[in-house]
Amino acid sequence: MKKYKQLTSGQRYQIYGLKQAGLNQTRIAEKMGVDKSTISREFRRNKGQRGWRPKQAQSLRDERRQTYINGKQFSSESWAEVENGKEFAGHACIAAELQTAIYFAHPYRSWERGLNENSNGLLRQYFPKGMALTDVTEEQVQRAVERLNHRPRKVLGFRSLHEVLFGVEVRYTKPT
């Protein structure tokens, strides 16, 4: 069984040429060395009002890719996760105004708040459990925030939050 690979822009133009030459989907798949379902799916998912065109197909693919992170569809405007505190008692009004769904994590289920728990763990590197936070200065907090915002993250392709948010590329070098 062949391992599935996404079509490239160049392959889409090759498909277009074969289609223009009058080949059917099965023959196109054979010439391209892919399964016929790949070609069928390509035509079904990426056609517009004027049919399937390679440039348009690539654009549609790129748009879809932007809304997926780690294989899951994601849009920050489509959902919100909040704490169970009384400050969110009016969550129904907020959800209606934002036209979004609001989810509440269940008590003692830390796996439902993955990002929150990960962030807490990162902060613990700078402020260990048991440390009196009243002794922490504003400068120490700012230094920790600065270091965390410039820390490369695997989920961001080893770019930092700062690089992603501000579109700046930073070269990391090993200290000598």
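If you stretched the chain out fully between A21 and A105, how much longer would it get, using 0.36 nm times the residue separation minus the C-alpha to C-alpha distance?
The span from A21 to A105 would gain 24.6 nm if fully extended.
Tell me, what ³J(HN,Hα) does each residue in segment 123-131 have, in order and in whole Hz, if you take phi through Karplus 6.51 cos²θ - 1.76 cosθ + 1.60 with θ = phi - 60° and put x for Gly and Pro?
5, 5, 5, 9, 10, x, 4, x, 6
Once the Cβ-Cβ distance between V145 and D35 is put in as r, and R0 is 45 Å, what FRET efficiency do you end up with, to the nearest 0.05?
Plugging the Cβ-Cβ distance into 1/(1 + (r/R0)^6) gives 0.35.
Tell me the net charge near G157. Cut-off is 14 Å between Cβ atoms, G157 excluded, with +1 for each Lys or Arg and -1 for each Asp or Glu. Before the final figure, lay out each step's value.
Values: positive: R65, R151, R153, K154, R159; negative: E163, E169.
Within the 14 Å Cβ shell, the charges total +3.
Between R159 and residues 5 or more places away or on another chain, which pairs have amide H atoms under 5 Å apart, with H built 1.01 Å from N, and which residues are they?
R153
Just in segment 82-120: which chymotrypsin sites (Phe, Trp or Tyr not before Pro) are loop by DSSP and have at most 12 other Cβ atoms within 10 Å?
Answer by residue number: Y108.
Could you point to the residue in Q56, M32, G22 farthest towards the positive end of segment 1-57's charge dipole, with +1 and -1 charges on the Cβ of Lys/Arg and Asp/Glu respectively?
Q56
Size of the dipole of segment 111-166 about the Cα centre, Lys and Arg at +1 and Asp and Glu at -1 on the beta carbon, nothing else charged, in debye to 20?
Using only the charged Cβ atoms, the result is roughly 300 debye.
Return the FRET efficiency for the residue pair A132, A92: r is the Cβ-Cβ distance, R0 is 45 Å, and the value is rounded to the nearest 0.05.
After rounding to 0.05, the efficiency reads 0.70.
We did not get these values from a lab; they are worked out from the coordinates using the rules stated. Here the structure is a predicted model, which means the values were calculated and not measured. All Cβ positions, glycine included, derive from the backbone under ideal geometry; neighbour counts span all protein chains shown.
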